[in-house]
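First the structure, in the form of structure tokens, and then the observations on it.
The values are calculated or read from the model by the stated rules, or taken from the named source; none is laboratory data. Computed from a prediction, not measured in an experiment: that's the story for all the values here. Methodologically, a virtual Cβ is constructed for each residue, glycine included, from the backbone with ideal geometry; neighbour enumeration extends over all protein chains shown.
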Amino acid sequence: MSSEVNRVAEHSKRIMLLRSYERLTVNEDEFLSAFAEEMKSRDKKIKIILDRISEERQRAVVRHSLEQVMLLATSGEAPESLKSLAHWHGQGAMNITEDMFMRWRDAFLFVFRDFDPYACDSLATHWGDAMLRVIEFFVEFGASKDERKPA
């Protein structure tokens, strides 16, 4: 019985995320631009990386990042292409740190409430959890771990 309840709860979370994603894309360009700007305001390296590309490309990058969240949240298993993407973001090319991924997550959680009229604490928790899963995956498959400061 407990596993059935958990399965239904997980399915419900996936549905909530899909519906939220649909609502966020109603004003897609405005939302994606706001998300990109918020990311840039939170991290100098993210700003440098994103400022090298056009605003249209920035929106495409941000959209793609959310598509990866949805892919992992709805499929349960990551395809090989996601492993390659994780490696490319890490030491394979971009050297994105775990801390930068957390800023990406925080920027989303800050901005999404302005664009999803049904945003609430439980939905923010679902998004945050789904994004943490992507972060953990990217760290495991190649993203740089932050340099830890001595205690």
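Using the structure shown, decide if Leu72 is touching a residue at least 40 places away in the same chain (Cβ under 8 Å) and of a type outside the set (S, T, N, Q).
Criteria met by Leu72.
Here are Asp114, Asp146: which of them is more than 24 Å from Glu10 (Cβ to Cβ) and at pLDDT below 95?
Selected residue: Asp146, the only one of Asp114, Asp146 that is more than 24 Å from Glu10 (Cβ to Cβ) and at pLDDT below 95.
Checking His64 against (1) outside any helix (DSSP H, G or I); (2) surrounded by fewer than 15 Cβ atoms within 10 Å (Cβ to Cβ): exactly one of these is not met. Which one?
Evaluating His64 over (1) outside any helix (DSSP H, G or I); (2) surrounded by fewer than 15 Cβ atoms within 10 Å (Cβ to Cβ) leaves (1) as the failure.
crowded, with 16+ Cβ neighbours inside 10 Å, over 18 Å from Gln58 (Cβ atoms), over 13 Å from the mean Cα position of the chain (by Cα) and not β-branched (Val, Ile, Thr) - does that describe any residue in region 94-106?
No, there is no match, as no residue in region 94-106 is crowded, with 16+ Cβ neighbours inside 10 Å, over 18 Å from Gln58 (Cβ atoms), over 13 Å from the mean Cα position of the chain (by Cα) and not β-branched (Val, Ile, Thr).
May I ask you to say which residue of Arg23, Arg63 is out of contact with any Cys (no Cβ under 9 Å at 6 or more places or on another chain), free of Cβ contacts under 8 Å to residues at least 40 places away in the same chain and closer than 19 Å to Phe112 by Cβ?
Arg63
Quick one: would you say Met100 is at pLDDT below 95 and assigned to a helix (DSSP H, G or I)?
For Met100, the condition - at pLDDT below 95 and assigned to a helix (DSSP H, G or I) - is met.
Mind listing just one residue for me: the one in region 71-97 that is touching a Leu at 6+ places or on another chain (Cβ under 9 Å) and part of a helix (DSSP H, G or I) and, of those, farthest from Glu22 (Cα to Cα)?
The selected residue is Leu82.
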